[in-house]
Amino acid sequence: MRISAKARRQPTESLDDERILKELGYTQQLRRGMGAFGNFSASLSVISIMSGTLLLFGYGLNSGGPAVVMWGWLAVGPLVLCLAAALAEITSRYPTSGGLYYMARQLGGERWSWYTGWLNLMGLLGGIAAQDYGIAAFTAAWLNLQFGFVPSPGSLLALYAVVLALHAVLNLFGTRLMNLLTSLSAWWHLAGAVVIIGALALLPAHHQPVGFVLSAFTNNTGWASPAYVILLGMLLPCFALAGYDTSAHLSEETNHASVAAARGIVRSVAVSWVAGGILLAALLFAIQDYTATLASPTGVPVAQIFLDALGLATAKTLLLVIIVAQFLCGYTVTASASRMIYAFSRDGALPGSARWRKVSPRTAVPSRAVWLAVTVAFALALPSLYSATAFSAVTAISVVGFTPAYAIPVLLRLRHRDKWTRGPWHLGHWSRPIGWVAVLWAAVVTVLFLLPQTSPVTAVTFNYTPIATLAVLALAALWWRVGRRSYGVPRSGTADAQDEVEEAQGIS
């Protein structure tokens with residue numbers, strides 16, 4: 001019986017991964033069953049060109065219109081890719097489930113690590129809320145076309161709760177199912193995008209002219225300044241191209257993680273940017289009635305475009321393709337968030353850490369962390385019962401959490417060159433210029449999405465992102481004063497560091 005070269009390599013790679021993880025201060029607890037494609041697929045699934053781009057498509061049509069949707073996507077993509085590449089370089093050196101906060105600990109110290117971890121956790125939990133609430137909205141749109149169902153805030157929240165519960169249950173089954181579903185998700189997203197783009201390009205009897213797609217400007221925000229509206233429109237690409245740190249959070253379950261996780265980050269952003277841009281262009285060209293699209297009784301402008309351009313049967317079919325893609329995306333976001341909670345609790349950072357770091361002996365999954373993730377995500381969406389702008393606020397919470405958390409390790413690497421030793425995947429001479437572009441871009445984005453999105457500002461239109469951000473930072477600051485003695489991120493290069501941390505924390 002002949003053994004393939006790939007099969008011969010896997011035991012050696014697993015041993016190397018365990019050795020690297022031990023040098024970073026941890027022992028292997030999660031099961032390594034994910035290959036390079038599975039890791040790339042996980043980030044591709046979280047970014048999800050049929051989720052982020054389509055969930056905020058209506059927001060983009062109101063906040064600048066086709067011109068801002070198209071040019072904003074083209075402009076933001078390379079900037080996001082700079083941040084992703086800078087982060088990938090650090091991931092190659094520190095491939096752990098903790099990801100960003102572990103990197104910040106090695107390059108800047110415990111206080112930097114603490115706040116980076118809390119911001120990253122806010123981004124991930126906001127990401128679950130945004131993705132799964134979006135799935136509920138698209139499902140309601142399909143039900144509207146199929147049965148005439150008229151969604152209300154209460155019914156959307158109920159659908160949202162069902163989606164969260166399904167994602168939690170599926171996440172309890174372990175790495176083998178995760179590898180299968182993330183790989184399926186990648187192919188589903190790419191094949192689904194090809195089908196949708198082809199249908200929108202070939203089937204409609206009428207297409208909008210190029211001038212409409214590239215220059216039509218719409219301002220339904222209430223703000224008088226076109227420049228401010230254009231900046232607000234950047235939320236679509238910033239949210240749609242976030243979540244690539246999933247590759248880092250799954251690195252302890254990935255073979256040859258020092259290279260595979262870094263490549264997964266960069267490739268997932270690059271593929272999503274290209275494919276997402278084509279998908280957005282196809283949707284804009286296929287708009288039949290702009291006003292009717294925005295006022296769609298389905299509540300989802302994309303569904304109205306399908307209905308007007310392709311007919312009822314095709315619209316329902318394509319919506320199902322999108323819903324499946326979004327569901328797979330939400331599954332992976334939940335997995336990423338639960339691994340972050342597990343890792344952060346493993347290092348004593350969360351209230352009740354001893355509970356949340358528990359790993360199921362049967363499936364090697366942090367099941368309690370999974371349930372915590374979906375519970376907090378449900379709470380984040382409760383304002384949707386009374387707020388018309390709650391969904392865009394939740395997406396802004398995700399962006400404001402993710403972006404500085406991505407940038408802090410990059411900034412620390414640039415400031416503390418003496419603490420930095422590059423890993424096997426790196427940017428060479430481009431490392432510093434790309435890093436500074438990434439940090440400056442992150443600073444602008446973070447400030448931008450704390451600002452009001454709609455005028456006049458009322459209780460209904462209020463962007464509660466600043467309140468959510470301040471609440472998270474206040475909780476982090478309070479818990480730092482109370483619980484920092486239990487916080488201990490191992491120092492890289494000390495093989496027995498995790499044993500020392502566990503002994504100090506009284507962990508058996």
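Per-structure values
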read-out: Residue under evaluation VAL457, criteria (1) over 20 Å from the mean Cα position of the chain (by Cα); (2) at pLDDT 85 or above, criterion not met; value: (2)
read-out: Pair list, Cβ under 9 Å, 6 or more apart: the stretch 468-493 residue free of Cβ contacts under 8 Å to residues at least 40 places away in the same chain, other residue among the hydroxyl-bearing types (Ser, Thr, Tyr) and assigned to a helix (DSSP H, G or I); value: ALA477/TYR115
read-out: Subset of the stretch 65-115 that is in contact with a His (Cβ under 7 Å, 6 or more places away or on another chain) and not charged (D, E, K, R) - its residue that is surrounded by the fewest Cβ atoms within 10 Å (Cβ to Cβ); value: GLY108
read-out: Which numbered condition GLY352 fails, given (1) surrounded by 24 or more Cβ atoms within 10 Å (Cβ to Cβ); (2) closer than 17 Å to TRP118 by Cα; (3) not aromatic (Phe, Trp, Tyr); value: (1)
read-out: Residue in the stretch 248-271 that is farther than 15 Å from GLN208 by Cα, without any contact (Cβ under 8 Å) to a residue 40 or more places away in the chain and either of a type in the set (Ser, Thr, Tyr) or not in a helix (DSSP H, G or I) (or both) present; value: no
read-out: Test: residue in the stretch 323-344 that is surrounded by fewer than 24 Cβ atoms within 10 Å (Cβ to Cβ), without any contact (Cβ under 8 Å) to a residue 24 or more places away in the chain, of a type outside the set (Asp, Glu) and part of a helix (DSSP H, G or I); value: no
read-out: Members of the stretch 167-182 that are surrounded by fewer than 20 Cβ atoms within 10 Å (Cβ to Cβ) and in contact (Cβ under 8 Å) with a residue 12 or more places away in the chain; value: LEU170, LEU172, PHE173, GLY174, ARG176
read-out: Output for the stretch 23-52, where each listed residue is part of a helix (DSSP H, G or I) and on the phi > 0 side of the Ramachandran plot; value: SER48
read-out: Test: ALA136 is under 30 Å from ASP308 (Cα atoms) and at pLDDT 90 or above; value: yes
read-out: Lone unmet requirement of (1) in contact with a helix residue (DSSP H, G or I) (Cβ under 9 Å, 6 or more places away or on another chain); (2) assigned to a helix (DSSP H, G or I); (3) polar (S, T, N, Q) for GLN288; value: (2)
read-out: Criterion (at pLDDT 90 or above, out of contact with any strand residue (DSSP E or B) (no Cβ under 8 Å at 6 or more places or on another chain) and among the small types (Gly, Ala, Ser)) met by exactly one of GLY192, GLY243; value: GLY192
read-out: Sole residue being closer than 28 Å to CYS329 by Cβ and either among the polar types (S, T, N, Q) or out of contact with any Pro (no Cβ under 7 Å at 6 or more places or on another chain) (or both), chosen from GLY211, GLY233; value: GLY233
read-out: Pair list, Cβ < 8 Å and 6+ apart or interchain, from the stretch 424-440 residues that are touching a residue at least 40 places away in the same chain (Cβ under 8 Å) and more than 9 Å from ALA86 (Cβ to Cβ) to residues that are in a helix (DSSP H, G or I) and charged (D, E, K, R); value: TRP425/GLU89; TRP425/ARG263; HIS426/GLU89
read-out: Those residues of the stretch 406-438 which are among the small types (Gly, Ala, Ser) and more than 16 Å from SER92 (Cβ to Cβ), in sequence order; value: ALA407
read-out: Members of the stretch 141-157 found to be in a helix (DSSP H, G or I), touching a residue at least 12 places away in the same chain (Cβ under 8 Å), surrounded by fewer than 23 Cβ atoms within 10 Å (Cβ to Cβ) and not polar (S, T, N, Q), listed by number; value: TRP142, LEU145, PRO153, GLY154, LEU156, LEU157
read-out: Residue satisfying all of: in the stretch 147-189; among the β-branched types (Val, Ile, Thr) and under 22 Å from the mean Cα position of the chain (by Cα); farthest from GLY277 (Cα to Cα) among these; value: VAL169
read-out: Residue that is surrounded by the fewest Cβ atoms within 10 Å (Cβ to Cβ) [pool: residues in the stretch 243-268 that are among the polar types (S, T, N, Q) and more than 11 Å from the chain's Cα centre (by Cα)]; value: SER258
read-out: Residue tally, condition part of a loop (DSSP other than H, G, I, E, B), among the aromatic types (Phe, Trp, Tyr) and surrounded by 17 or more Cβ atoms within 10 Å (Cβ to Cβ), over the stretch 201-232; value: 1
read-out: Yes/no for LEU372 being surrounded by 14 or more Cβ atoms within 10 Å (Cβ to Cβ), within 22 Å of the chain's Cα centre (by Cα) and without any contact (Cβ under 8 Å) to a residue 40 or more places away in the chain; value: yes
read-out: Every residue from the stretch 97-116 that is under 19 Å from the mean Cα position of the chain (by Cα), more than 13 Å from GLY488 (Cβ to Cβ) and in a helix (DSSP H, G or I); value: LEU100, MET103, TYR115, THR116
read-out: In the stretch 412-426, the residues that are touching a Gly at 6+ places or on another chain (Cβ under 8 Å) and not basic (Lys, Arg); value: LEU412, LEU414, HIS416
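The values are calculated or read from the model by the stated rules, or taken from the named source; none is laboratory data. The structure displayed is predicted, hence computed values, not measured ones. As a convention, Cβ positions derive from the backbone with ideal geometry for all residues, glycine included, and neighbour counts pool all protein chains shown.
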